Each structure stands twice: as C-alpha cells, then as structure tokens.
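Here the structure comes first, spelled out in structure tokens, and everything after it is commentary.
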Amino acid sequence: MKKKLLSTPRNFQHFNRSLIAFQLNYLKAISYKIFLPVFLFFVSNFMYGQATITHTFDTNNSVIVPNGLTSMNIQAWGGGGSGGGATNLPALQGRSGSGGGAGARATATITVVPGTTISALVATAVSGTAGANGTAGNPSTISGFESFISASGGAGGLGNITGNASYAGGAGGSTGAGTVTAGGNGGQGFTSGLAALFTSGAGGNSPGFTNGGASHTSVIGGVNENGNPGGIPGGGGSGGIITNTGEVRAGGAGGAGRVIIGYTCPTYSINSTSAAGACVSTGTSLVTLTGPAANLPVGTYTVTYNRTNPTGTNLTATMTVSTAGTATFTAVGFTTVGTSTVTIVSIRSQDCISTVNSGNNSANVIVSALSVGGSISGGSTICSGGNSATLTLSGHTGTVLRWQYLIAPFTTWVDIANTTGTGYVFGPLGQTVRFRAVVANGTCAEAVSSEATVTVNPLPQGGLTANGPFC
C-alpha cells in the first residue's frame, strides 16, 4: 500500500513562506555584518579627525591655536581663600578661625586666531597667616580675554583674635566674566568656654568639587592645629584652632585655581599628491598636496609620510600652506636610483592630527643618478670659412641641454641656440673655436663635457684658394 504524500498545497505554501522568511533574515544578517564595520570605520575616522582636545592647567601655561580653529571653550576656577588663624587665648577658653571661601567658576567661549598663543593665568595658592585673618584667593583668567572669561577668588576666613562668639566664614567668589557660578562659603569659627567640644571653620567647596579644607574638632584641651589646606581647584582653607594658652595658629592655605582650555579639532584632508624628481646627491623631493581650502587652511604643519625606496616609515617634515588648499614640504632620503613612492600618513597642527587615507595620498618620485658631462670627439683643423667636422658627445649621463662655444680671449662661454643633440656641426668658422656640451640628468645639477677645439688657419693672401688645412 502506497503512503500519502505530505506536501499538500497548504503545506507547500507554509513551507514557501518559511523559506522566504529564512532568506530575508539571512540577508539582514549579512547586510548587518557588512554595514556595521563600514559604519564603524566612518564613525571612527570622523571622531579621530574631529578629536576633542582638553588642556588642564593648575599653574600658568599656554597653548598655540591650531590651524583652522576659530573658537575655544574656557573653564576657570578662582583660587580659594585661606582660613583664619587663632591667637590671644585666655585661660579656660578655646578659639578657632573661620574657613576661607572657595573660588568662583566661570565658563565662556572665546574667538581665537590660528597660530596665536593663548595664555592661561591661573590663581596661585595663598597661605594662611598665624593669628590673623585669611588671605583672599586670586582670580583665574586668559590673558587678553579678561573681559570675556574671569573667575574671582574666595574671601579669606576671619581670624579669632578677640574671642567673639562666632566668626563668619569667608564668602565664596562670585564675580568675574562669562557664566559665573559662585564658590562655597567657608564655615564659621568659634570661641568656646572651657575649651569644650567645638570646631574650626571648614573651607568652602569649589563648584563641582568637594575640596574645602576639613575642619578640626576639639576635645577638652590639647588641640592646637593650623587649618587644613583647600584642594585644587580653588578650595578654601579651614580655620586654625587652639585650646592652650599661648598658642598661635594659622588658617589653612587656599587652593590654587585652574583653567581648562578645550576645543574640537578641525579636519585636515587632501585630494591629490604630486612629487618632483630627486637626485641622489641631495636625496630631496618637493611634495605638493592639494585639498579643499577649508581642510588645508593657511599655516605651518607637521606631516608624517612613508617612503618605499629606500624604505622609511613615519618620517616627519614641516609642511607649509601659504595659500589655502595647497601645501608643500620637502621629503628626504632618496638615495637609491629608481622610483620611490611617497605616501602621506597624517597631517598635524599643534595637538590636532588627521589621518590621511583618501586614496589620493601617494606619489612617485623619480630618483636620478648624478649628471655626467662625457667627452667630445671630432675636433679638427680647418681653413678659415670652412665648417667644423661633426662633433660627437659620448660617455655622458643625462640629456643634452645645449651646446656652447668659446672664442679668443677664451673667457666666456656662449650658448648655441636650439642645440640639444649628441652630434653637432658648426657652420663657416673664421677663427679658432672651442666647443662643449651641457648635460643634466633629471633634477641633478648640470655637468659639462670635455672641450673639443676646432683650429682655424687663415687663408693665404693674393687670392689663392684653399686646398687643405695648410691654407
């Protein structure tokens, strides 16, 4: 008995739909595998070319504006005020100074000129003074841009000198230029009977940080400390504390400020590369790059390149762009006769670097051997009015650029127009002449051949005709 076939029309349709679904999913998977690496390649190259650079300075420093960059983002923190000290303690009392205020934080975007120097002026730390009020912190800014970006320092804490009940902490810095965020106020200082439990004023915290100097806490007697310093950037110092008669203490130092200079790098790119020939004697070739004016702005760069013959990798040279879109640099090391390929790897201006992988970043350099002038045969003696014999150049290296002649008093060579071959016949001569050829091989310096002399004898007087070299 025969078995029934399972592939009914309905089953066939279901199978067909399943097959189509499988094919679609397979194509999606393949497309994803192809698309993802390509997508990541372009994203990584874009991010690399558009790198974000951040310079953080806690002391005075500077940066040079990269080529093509017109704006920078600045953050500045003023210095923290130092804490107040403590002194003049009578018996059975404790005293503490108040904390210094933290420096303000300011932000701004400034307009800059490529190639100029941007100098960060960073607030220095300020020390506390024994038994006296604290010192106010200094401002932080950018030289020449004070009206655009500046962050004030925090006020110093009050010293506990007279034994008042409490001493207010120094106010946080709150003024400046740009968008300003006030620093935290310092904690208050105290006077305590019997030196019972009390604290010194803590330093104020800078915006975005917990960096004020920590306060001191007394026990009954026995605590005599200078204040703790504020941290960077711009933390206020804490107040000093005493519980023993005759002690003198200073507040903690106010923290130094900070300036952060940030920017997004331009992208440098090229469309074509060409290179002049080189001579083994110098081994240099002038390489020219062209690209969009916006991606090759005027300025000086560092270019990295590879060379094939002889092999050299990650070689660097100074590249100049005098007209936006056209750059030149001198590649070196071409000491082997033949063809060498120069490939541009990257272009850099200050901290901004762009890799070059456009496919138009290579050029061939023809490297020539030294020019050799060779020697001339065919010098002869003729009668006046006769033509020279054929002068023939041999043993030379390079191309004949021109022939030259020299006549008495034999001091100055004269070029013979339109003479570039290896053979030459001079027309009717009336006096003795010396000849030579000028040869150049590629870009190598010219070389001259040996000299050939055509001696001209005068014709006899009395109307006799010339019948040979003895006229």
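The values are calculated or read from the model by the stated rules, or taken from the named source; none is laboratory data. Fair warning: this is a prediction, and the values are worked out from it, not measured in the lab. Here the Cβ positions follow ideal geometry from the backbone for every residue, glycine too, while neighbour counts run over all protein chains shown. Ligands, DNA and RNA are stripped out before the accessible areas are found, and what is left, the full protein with its side chains, is counted by its heavy atoms. Shrake-Rupley method; radii C 1.70, N 1.55, O 1.52, S 1.80 Å.
Considering only residues of the stretch 181-218 that are free of Cβ contacts under 8 Å to residues at least 24 places away in the same chain and part of a loop (DSSP other than H, G, I, E, B), which is surrounded by the fewest Cβ atoms within 10 Å (Cβ to Cβ)?
THR210
Within the stretch 248-288, count every residue that is assigned to a strand (DSSP E or B) and in contact (Cβ under 8 Å) with a residue 60 or more places away in the chain.
Residues that pass the stated criteria total 17.
Give the number of residues within the stretch 131-160 that are within 30 Å of ILE242 (Cα to Cα), hydrophobic (A, V, I, L, M, F, W, C) and open to solvent by less than 60 Å² (accessible area, probe 1.4 Å).
3
Can you name the strands (runs of 3 or more DSSP E) wholly within the stretch 68-114 that have at least 3 residues being open to solvent by 10 Å² or more (accessible area, probe 1.4 Å) and of a type outside the set (D, E, K, R)?
Counting at least 3 such residues, we get 71-77, 105-111.
Per-residue answers, yes or no, for (1) open to solvent by 30 Å² or more (accessible area, probe 1.4 Å); (2) free of Cβ contacts under 8 Å to residues at least 24 places away in the same chain; (3) over 30 Å from GLY262 (Cβ atoms):
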| position | (1), (2), (3) |
| --- | --- |
| ASN309 | yes, no, yes |
| ASN314 | yes, no, no |
| THR330 | yes, no, yes |
| PHE334 | no, no, yes |
| VAL342 | no, no, yes |
| SER349 | no, no, no |
| CYS352 | no, no, no |
| ASN360 | yes, no, yes |
| SER368 | no, no, yes |
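Being assigned to a strand (DSSP E or B) and either hydroxyl-bearing (Ser, Thr, Tyr) or out of contact with any Leu (no Cβ under 8 Å at 6 or more places or on another chain) (or both) is the filter here; which residues of the stretch 131-171 pass it?
Result: SER140, THR141, SER150, ALA151, ASN160, SER166, TYR167.
Say we look at the stretch 240-255 and pick out the residues that are among the hydrophobic types (A, V, I, L, M, F, W, C) and open to solvent by 10 Å² or more (accessible area, probe 1.4 Å); which of these is nearest to SER127 (Cα to Cα)?
Out of the qualifying residues, it is ALA253.
Among the listed residues SER322, SER354, SER349, which satisfies the condition of being among the hydroxyl-bearing types (Ser, Thr, Tyr), under 28 Å from ILE64 (Cα atoms) and touching a helix residue (DSSP H, G or I) at 6+ places or on another chain (Cβ under 7 Å)?
SER354
Can you say whether VAL337 is β-branched (Val, Ile, Thr) and modelled with pLDDT of 95 or more, as far as the supplied structure shows?
It is true that VAL337 is β-branched (Val, Ile, Thr) and modelled with pLDDT of 95 or more.
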